[in-house]
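Asks: I am attaching a structure below and will ask some questions about it afterwards.
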Amino acid sequence: MTEKKDDHQDEIKSGEVQTSRRDFFKTTAMGMAGAGAVTMGILPFGAAKDAEASSAAGPKEHVGPGELDEYYGFWSGGQSGEVRIIGIPSGRELKRIPVFNWDAAYGWGTTNFSKSQMKGRISGDTHHFHLSYKDGTYDGKYGFVNDKSQARLARIRLDMLVTDKIVDIPNAAGTHGIFPSRNEINAVYCNSEFRVPLPYDGSGDLEDVSKYGCLHSCIDAESMEVRWQIQVDGNLDLCATDYEGKYSMACCYNSEEGATLPEMMGKDRDWLVIFNLERIEAAIKAGKGTTIGNSKVPVLDGRGGANSEYTLYIPVPKSPHGVNVDPTGKYAVCSGKLSPTVSVVELSKVDQAFAGKIKPRDCVIAEPEVGLGPLHTAFDNKGNAYTSIFLDSVVTKWNIAKAIAGENPVLEKVDVNYQIGHINASMSETKDADGNWMVALCKFSKDRFLPVGPFRAENEQLFNISGKKMKMVHEGAAHAEPHDALIVSRDLIRPEKVWPRDDRRFEIERAMAKKHGVTLEAAANVITEGNHTYVYMVGIAPAFSLSKFNVPLGNTVTVVLTNMDGVEDLSHGFCLTQHDINFGVSPKETASVTFKADKKGVFWYYCPWFCHALHLEMRGRMIVS
Ligand code: CUK
Ligand code: CUA
């Protein structure tokens, strides 16, 4: 490896702004005696809440039957591989969007379109979900989510709230932190968490860890193609972007470049790595990138600390995890994880540091103590930050200006149950942070719910943060294992109720139909070309347009189904018995499946989505002979 940067230039100024454990207990005890004790443990997430506890000035806490939530919550699904939509504040789970996971209800992983994206894989690990931006707030167009397990990025289209595109990131492993550009729909930046031999194709020296590498990748948000990559020292964790489009940034927790736990924890400081996007884009344009292995993506070398014009390595303590930029866009907050501090980086100083006028460490303007095991930070609209503290199982509310002034910035600590990972607040990752809601995503639920065997649910706790004190209003169980969540004002998300018939989603089926001289919308056609049989049908409640089709044994069969009911919420589907085939089609949607007719006999197909009083009669026979 190249020479390491000097990360001991300055001393950490923590301790100036400490809160003692005693203060912490005082604060939480007060919290328990106040509003917290009334609500904690009594109300399930999603249950009705007595209206008198709602504060007049704050957001509406109770969402009655038939009423709509004020916010959409977008939850990553962790090792379930999906993304979930939750109504906030009610906690109602509204939808699960299969992304990297196979799903029977929608047929994700079964239909030809989903297979073209999943490419034979059926699992994933989604940690970070973000929406596309324009001018510092959400534009309602796309959502993006990482797959840590197989180095992919997926895009969800927000008009239909379905997975749209999945891209593989070359020479990467453990794609973890991601963040889109915040000024325009432009790029999504993705971090590799695992250092691997490069090229990552099984060639070269596989044993020598010092020869491994790690990349920060830029993916075009519209084409979803990987535009460039840059190699860094260490390995990367979470990702953020500024509001102007000048920088992307990443926390690095393994500056030691070790492969085992003790090897990775040796140093007192690792880095916040800042990527100079203007310089990187210019270098890529000038053809300065090289390629790695079979990948055609241009790669720059951002290693070598001070010697790299593309990267700035800001020393921060110790194995930092989350990095979050505040709603003013002025500060990036890195959570120390193994240090009880958060580091506040002033982004306006980064240019001076890139120019060599100040040391990288001079960009850190405050380093308050917030508790043991700080992981992630959310923000309100009053200059306060809320940091999740894993080991202490608390959320620490602290004031950014006070921290910068060198005063004790800690305003309140509140207990959460238990071992909190991510935290987020309503619109926290935009310039329109509104300070209404905060959610604590706790990794352990222990005694909070009925026991259900050794694998337990997570516990998610929702706080009204509009008042002086944080007030928990709900808690509820979550299936494994949302890492991160966004709480988004509902006016920014405007999903359609019916598909437009010319949607790009049906390109595969439309091209097929064109070739066969049939239309998808008026189809009752069986076309056999050699050993491939194509079956086109429509569903109009309560019937398929074909009540029977015949297939020669051994043929490949493609069934194309269009839902011709343009009625809101009237879905159909196609479940073929004994063939592991099941998918849904929402109003005016087309989808198709391809399988082998490898068994002789009669096989009923039926509509699995309850669509009509005669829904059970919506069926037909496939006869294979
Ligand atoms: S990471 Cu899981 S708690 Cu993957 Cu965002 Cu911090
Ligand atoms: Cu169509 Cu049930």
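Asks: If I filter the stretch 133-149 down to residues being in contact with a Ser or Thr (Cβ under 8 Å, 6 or more places away or on another chain) and not in a strand (DSSP E or B), which single residue comes out as most open to solvent (accessible area, probe 1.4 Å)?
Replies: Ser149
Asks: Oh, and also: In this structure, does Leu441 turn out to be touching a Ser or Thr at 6+ places or on another chain (Cβ under 9 Å) and either hydrophobic (A, V, I, L, M, F, W, C) or not in a helix (DSSP H, G or I) (or both)?
Replies: It is true that Leu441 is touching a Ser or Thr at 6+ places or on another chain (Cβ under 9 Å) and either hydrophobic (A, V, I, L, M, F, W, C) or not in a helix (DSSP H, G or I) (or both).
Asks: For the stretch 337-383, which positions are within 16 Å of ligand 1 (Cβ to nearest atom), of a type in the set (Ser, Thr, Tyr) and open to solvent by 10 Å² or more (accessible area, probe 1.4 Å)?
Replies: Result: Ser339, single match.
Asks: On the given criteria, is Val439 β-branched (Val, Ile, Thr), touching a helix residue (DSSP H, G or I) at 6+ places or on another chain (Cβ under 9 Å) and away from ligand 2 (no atom under 16 Å from the Cβ)?
Replies: On the way: β-branched (Val, Ile, Thr): yes; touching a helix residue (DSSP H, G or I) at 6+ places or on another chain (Cβ under 9 Å): no; away from ligand 2 (no atom under 16 Å from the Cβ): yes.
Considered against the rule, which asks whether it is β-branched (Val, Ile, Thr), touching a helix residue (DSSP H, G or I) at 6+ places or on another chain (Cβ under 9 Å) and away from ligand 2 (no atom under 16 Å from the Cβ), Val439 comes out as no.
Asks: Being in contact (Cβ under 8 Å) with a residue 24 or more places away in the chain and more than 16 Å from ligand 1 (Cβ to nearest atom) is the filter here, so list the residues in the stretch 147-163 that pass it. Before you say what the answer is, go through the steps one by one.
Replies: First, the residues of the stretch 147-163 that are in contact (Cβ under 8 Å) with a residue 24 or more places away in the chain: 147-156, 158-163.
Arg155, Ile156, Leu158, Asp159, Met160, Leu161, Val162, Thr163 - these are the residues of the stretch 147-163 that are in contact (Cβ under 8 Å) with a residue 24 or more places away in the chain and more than 16 Å from ligand 1 (Cβ to nearest atom).
Asks: Additional query: Just checking, which of Phe144, Phe129 is within 24 Å of Val498 (Cα to Cα) and within 16 Å of ligand 1 (Cβ to nearest atom)?
Replies: Phe144
Asks: On to the next question. Provide a single number: the residues in the stretch 399-435 that are touching a residue at least 60 places away in the same chain (Cβ under 8 Å) and in a strand (DSSP E or B).
Replies: Residues in the stretch 399-435 being touching a residue at least 60 places away in the same chain (Cβ under 8 Å) and in a strand (DSSP E or B): 10 in total.
Asks: Take the residues of the stretch 55-103 that are open to solvent by 40 Å² or more (accessible area, probe 1.4 Å) and among the small types (Gly, Ala, Ser): which is modelled with the lowest pLDDT?
Replies: Looking at the filtered set, the residue picked out is Ser55.
Asks: For the stretch 466-506, name all the residues that are out of contact with any Gly (no Cβ under 8 Å at 6 or more places or on another chain), assigned to a helix (DSSP H, G or I) and either under 20 Å from Ser428 (Cα atoms) or open to solvent by 10 Å² or more (accessible area, probe 1.4 Å) (or both).
Replies: Within the stretch 466-506, Arg490, Asp491, Arg504, Arg505 qualify.
Asks: Could you check how many residues of the stretch 568-596 are without any contact (Cβ under 8 Å) to a residue 60 or more places away in the chain, within 13 Å of ligand 2 (Cβ to nearest atom) and part of a loop (DSSP other than H, G, I, E, B)?
Replies: 2
Asks: Output yes when any residue across the stretch 349-366 is under 30 Å from Glu481 (Cβ atoms) and among the polar types (S, T, N, Q), and no when none is.
Replies: The answer is no, given that none of the residues of the stretch 349-366 is under 30 Å from Glu481 (Cβ atoms) and among the polar types (S, T, N, Q).
Asks: Which of (1) more than 14 Å from ligand 1 (Cβ to nearest atom); (2) open to solvent by less than 10 Å² (accessible area, probe 1.4 Å) is the odd one out, the single condition Glu184 does not satisfy?
Replies: With (1) more than 14 Å from ligand 1 (Cβ to nearest atom); (2) open to solvent by less than 10 Å² (accessible area, probe 1.4 Å) applied to Glu184, the lone miss is (2).
Asks: When you look at Arg303, is it touching a Ser or Thr at 6+ places or on another chain (Cβ under 6 Å) and open to solvent by 40 Å² or more (accessible area, probe 1.4 Å), yes or no? Spell out how you get there, then give the answer.
Replies: Details: touching a Ser or Thr at 6+ places or on another chain (Cβ under 6 Å): yes; open to solvent by 40 Å² or more (accessible area, probe 1.4 Å): yes.
So Arg303 fits the description; yes.
Asks: Return the residue satisfying two criteria in turn: it lies in the stretch 507-553 and is crowded, with 18+ Cβ neighbours inside 10 Å and of a type in the set (S, T, N, Q), and of such residues it is nearest to the chain's Cα centre (by Cα).
Replies: Thr533
Table: residues versus (1) farther than 16 Å from Ala524 by Cα; (2) in contact with a helix residue (DSSP H, G or I) (Cβ under 9 Å, 6 or more places away or on another chain); (3) among the hydroxyl-bearing types (Ser, Thr, Tyr).
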| position | (1), (2), (3) |
| --- | --- |
| Leu546 | no, no, no |
| Gly554 | yes, no, no |
| Gln578 | yes, no, no |
| Ser592 | no, yes, yes |
| Phe595 | yes, no, no |
| Asp598 | yes, no, no |
| Glu617 | yes, no, no |
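Asks: Shifting gears a bit: Of all residues in the stretch 428-471, how many are of a type in the set (Asp, Glu), within 22 Å of the chain's Cα centre (by Cα) and farther than 20 Å from Ser80 by Cα?
Replies: So the answer is 3.
Asks: Here's a follow-up. Tally the residues that are assigned to a helix (DSSP H, G or I) and under 24 Å from Cys251 (Cβ atoms), restricting the search to the stretch 285-312.
Replies: Adding up the residues that qualify gives 3.
Asks: Another question, then. Test each condition in (1) closer than 30 Å to Val560 by Cα; (2) more than 12 Å from the chain's Cα centre (by Cα) for Gly143 and report the one that comes out false.
Replies: So the condition that Gly143 fails would be (2).
Asks: Every residue in the stretch 436-465 that is touching a residue at least 24 places away in the same chain (Cβ under 8 Å), open to solvent by less than 40 Å² (accessible area, probe 1.4 Å) and of a type outside the set (S, T, N, Q), please.
Replies: Hits for the stretch 436-465 are Trp437, Met438, Val439, Ala440, Leu441, Cys442, Glu458, Glu460, Leu462, Phe463, Ile465.
Asks: I'd like to verify a number: residues in the stretch 254-272 that are outside any strand (DSSP E or B) and buried (at least 22 other Cβ atoms within 10 Å of the Cβ), how many?
Replies: First, the residues of the stretch 254-272 that are outside any strand (DSSP E or B): 254-268.
Subset that is buried (at least 22 other Cβ atoms within 10 Å of the Cβ): 254-255.
Looking only at that region, the number is 2.
Asks: Starting from the stretch 109-133, keep only residues that are farther than 19 Å from Asp580 by Cα, then list their pairs with residues that are within 16 Å of ligand 1 (Cβ to nearest atom) and open to solvent by 20 Å² or more (accessible area, probe 1.4 Å) whose Cβ atoms are within a distance under 7 Å, requiring at least 6 positions of separation or different chains.
Replies: Gly124/Ser149; Gly124/Gln150; Asp125/Gln79; Asp125/Lys148; Asp125/Ser149; His127/Lys148; His127/His483; His128/His483
Asks: Quick one: count up the residues across the stretch 206-232 that are in a loop (DSSP other than H, G, I, E, B) and either within 17 Å of His176 (Cβ to Cβ) or of a type in the set (Lys, Arg) (or both).
Replies: Counting residues in the stretch 206-232 that are in a loop (DSSP other than H, G, I, E, B) and either within 17 Å of His176 (Cβ to Cβ) or of a type in the set (Lys, Arg) (or both) gives 0.
Asks: Just to be sure I understand, how many residues within the stretch 600-624 are open to solvent by 90 Å² or more (accessible area, probe 1.4 Å), assigned to a loop (DSSP other than H, G, I, E, B) and more than 7 Å from ligand 2 (Cβ to nearest atom)?
Replies: Of the residues in the stretch 600-624, 2 are open to solvent by 90 Å² or more (accessible area, probe 1.4 Å), assigned to a loop (DSSP other than H, G, I, E, B) and more than 7 Å from ligand 2 (Cβ to nearest atom).
Asks: Could you go through the stretch 409-431 and let me know if any residue there is surrounded by fewer than 19 Cβ atoms within 10 Å (Cβ to Cβ), within 19 Å of Met472 (Cα to Cα), more than 16 Å from ligand 2 (Cβ to nearest atom) and of a type in the set (Ser, Thr, Tyr).
Replies: The answer is yes; a qualifying residue exists.
Asks: Go through the stretch 55-86 and give me each residue that's assigned to a strand (DSSP E or B) and either among the charged types (D, E, K, R) or out of contact with any strand residue (DSSP E or B) (no Cβ under 8 Å at 6 or more places or on another chain) (or both).
Replies: Answer for the stretch 55-86, where residues must be assigned to a strand (DSSP E or B) and either among the charged types (D, E, K, R) or out of contact with any strand residue (DSSP E or B) (no Cβ under 8 Å at 6 or more places or on another chain) (or both): Glu82, Arg84.
Asks: Now for a separate question. Mind listing whichever residues of the stretch 529-543 are more than 16 Å from ligand 2 (Cβ to nearest atom) and either within 13 Å of Val559 (Cβ to Cβ) or modelled with pLDDT under 95 (or both)?
Replies: His532, Thr533, Tyr534, Val535, Tyr536 - these are the residues of the stretch 529-543 that are more than 16 Å from ligand 2 (Cβ to nearest atom) and either within 13 Å of Val559 (Cβ to Cβ) or modelled with pLDDT under 95 (or both).
The values are calculated or read from the model by the stated rules, or taken from the named source; none is laboratory data. As the structure is a computational prediction, the values presented were derived from the model and not from experiment. Glycine gets a Cβ as well: all are built from the backbone with ideal geometry, and neighbour counts include every protein chain shown. We work out accessible area using only protein heavy atoms, side chains counted, and drop any ligands, DNA or RNA first. Shrake-Rupley method; radii C 1.70, N 1.55, O 1.52, S 1.80 Å.
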